[in-house]
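Structure first, commentary second.
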Amino acid sequence: MSAALATRQTVAAILFVGVLAVVPIIADDYQIAVLAQVFLTAIVGIAWNLMMGYAGQLSLGHALYFGVGAYVLAILTERYGVSPWLAMIPAAVVPGVFGILIGALGFRFSVRGVYFALLTIAFAEMARIGFEHWDYVGKNGGFFLSALTSANNPMRSLRGGATFIYYALLICMVLTWSLSIVLVRSRLGYFWRAVREDEDAARAMGVKALRHKLLVVAISAAITGIAGAWFALINGSLFPDSVLGMRISIDLIVAPVVGGLGTLFGPIFGALLVVPVNEFTRSLSQSFSINGLNLLFYGVLLMVIVKIAPHGCWPAIAGWLRLSKHGRS
């Protein structure tokens, strides 16, 4: 990468984050809440993109890690009084361990591509069914976090108003984005890309494919678990289908696909497109009082985007803005 290109990317990133930092000054609570959802979606998108976009490991069961992270934090904070700050650690570690176990099971037996994707779906569905029948977390009746009080301290409870959640998720997204940049541009990132392009050839060149695939699954799962933990804090209630269902797995991967797989900014750009479109179509459905109309419009819009930009929207825009050398940035 040339020094000029690196400088343009750095300046663009600083400007982007700077603009987001001042948005709450001019936006209302609804707009702030929508952008906070964008950040949460982007965090999961970045995590999934590391695994699929850079290492080539297709997972369609990321709801497992999202839901487990959410339940781990909720259980620790509600049942045992653990600080949310401390609960974030097991909320990342436990999904990471699940990722390693599933990866080890699949990779040891050379399960690849769509078959590995089916394996991830199977484990996510088993987890959903398990939580639906687990009395300790309320089964289908849901698990609820304590209601906020007037004495609530957001910095201590990690729960607060729209502006607090906005900045908390913005910081988390920037940290996740920064981590992904460091990983992708490190030696490890080159190993992942080698495995993605031709795993057998990478093995022949001395790349320890199994180790690197397990590592990317663990990192992706851990970040997704943290996102799930934030979801629990924001919503205050958890239901198995809302955090572990198949639709959640699909929703989690739409943003990086629309934004551009194998790009660093693609998942964020995709989230900036997908979440507002989803909110708009939902409002449209409510205006016409037609159940499911939002899904129809949402699906059509996504189909149009994929048709126009089959490799994602961000690569073409990055090239136009001269922020990318080969359409990947």
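The residues listed here are G189, G160; of these, the one that is open to solvent by less than 40 Å² (accessible area, probe 1.4 Å), more than 23 Å from P84 (Cβ to Cβ) and either in a loop (DSSP other than H, G, I, E, B) or of a type in the set (G, A, S) (or both) is G189. For the range 61-77, a residue qualifies if it is of a type in the set (A, V, I, L, M) and closer than 15 Å to F123 by Cβ, and the qualifying residues are A63, L64, V68. Could you check, for the range 164-179, whether at least one of its residues is open to solvent by 50 Å² or more (accessible area, probe 1.4 Å), farther than 28 Å from L86 by Cβ and not aromatic (F, W, Y)? Looking for residues that are open to solvent by 50 Å² or more (accessible area, probe 1.4 Å), farther than 28 Å from L86 by Cβ and not aromatic (F, W, Y), one finds none in the range 164-179, hence no.
For the range 133-153, check the following and say yes or no: at least one residue is touching a helix residue (DSSP H, G or I) at 6+ places or on another chain (Cβ under 6 Å), of a type in the set (F, W, Y) and part of a helix (DSSP H, G or I). So far as the range 133-153 goes, no, none of its residues is touching a helix residue (DSSP H, G or I) at 6+ places or on another chain (Cβ under 6 Å), of a type in the set (F, W, Y) and part of a helix (DSSP H, G or I).
Within the bounds of the range 265-284, is there any residue that is open to solvent by 50 Å² or more (accessible area, probe 1.4 Å) and assigned to a loop (DSSP other than H, G, I, E, B)? No: the range 265-284 contains no residue that is open to solvent by 50 Å² or more (accessible area, probe 1.4 Å) and assigned to a loop (DSSP other than H, G, I, E, B). Each residue in the range 285-316 was checked for being within 14 Å of G260 (Cα to Cα) and open to solvent by less than 80 Å² (accessible area, probe 1.4 Å), and 9 pass.
Taking the listed residues I25, I14, the one that is under 29 Å from T281 (Cα atoms) and assigned to a helix (DSSP H, G or I) is I25, with no other qualifying. Exactly one of these conditions fails for K325: (1) exposed (fewer than 15 other Cβ atoms within 10 Å of the Cβ); (2) of a type in the set (D, E, K, R); (3) at pLDDT 80 or above. Give me its number. Of everything listed in (1) exposed (fewer than 15 other Cβ atoms within 10 Å of the Cβ); (2) of a type in the set (D, E, K, R); (3) at pLDDT 80 or above, K325 misses just condition (3). When the residues of the range 109-130 are filtered to those that are at pLDDT below 95 and among the aromatic types (F, W, Y), which remaining residue is surrounded by the most Cβ atoms within 10 Å (Cβ to Cβ)? Here the residue is F116. Of the residues making up the range 5-38, those that are surrounded by fewer than 17 Cβ atoms within 10 Å (Cβ to Cβ), farther than 20 Å from I234 by Cα and not β-branched (V, I, T) number 7. Checked against the criterion of being without any contact (Cβ under 8 Å) to a residue 24 or more places away in the chain, within 25 Å of Q57 (Cβ to Cβ) and open to solvent by less than 60 Å² (accessible area, probe 1.4 Å), the range 72-88 has no qualifying residue.
Within the range 44-66, residues that are closer than 19 Å to W230 by Cβ reach no partner that is in a loop (DSSP other than H, G, I, E, B) and acidic (D, E) with beta carbons closer than 7 Å at six or more positions or on different chains.
The lone criterion from (1) without any contact (Cβ under 8 Å) to a residue 60 or more places away in the chain; (2) open to solvent by 30 Å² or more (accessible area, probe 1.4 Å); (3) within 28 Å of R196 (Cβ to Cβ); (4) among the β-branched types (V, I, T) left unmet by I250 is number (1).
Applying the selection to the range 301-318, what residues are under 18 Å from L272 (Cβ atoms) and of a type outside the set (V, I, T)?
We begin by selecting, within the range 301-318, every residue under 18 Å from L272 (Cβ atoms); these are 301-302, 304-306, 308-309, 311-318.
Matches in the range 301-318: L301, L302, A309, H311, G312, C313, W314, P315, A316, A318.
Against the definition (outside any helix (DSSP H, G or I), over 14 Å from V68 (Cα atoms), open to solvent by less than 40 Å² (accessible area, probe 1.4 Å) and modelled with pLDDT under 95), how does G106 come out, yes or no? Criteria not met by G106.
Residues that are part of a helix (DSSP H, G or I) and more than 13 Å from the chain's Cα centre (by Cα) within the range 237-258 comprise P240, D241, S242, L244, M246, R247, V258, listed in sequence order.
The values are calculated or read from the model by the stated rules, or taken from the named source; none is laboratory data. Not measured: the values here are computed from a predicted model. Please note: Cβ atoms are built from the backbone with ideal geometry, for glycine as well, and neighbour counts cover all protein chains shown. Just the protein is used for accessible areas: all its heavy atoms, side chains included, with ligands, DNA and RNA removed. Shrake-Rupley method; radii C 1.70, N 1.55, O 1.52, S 1.80 Å.
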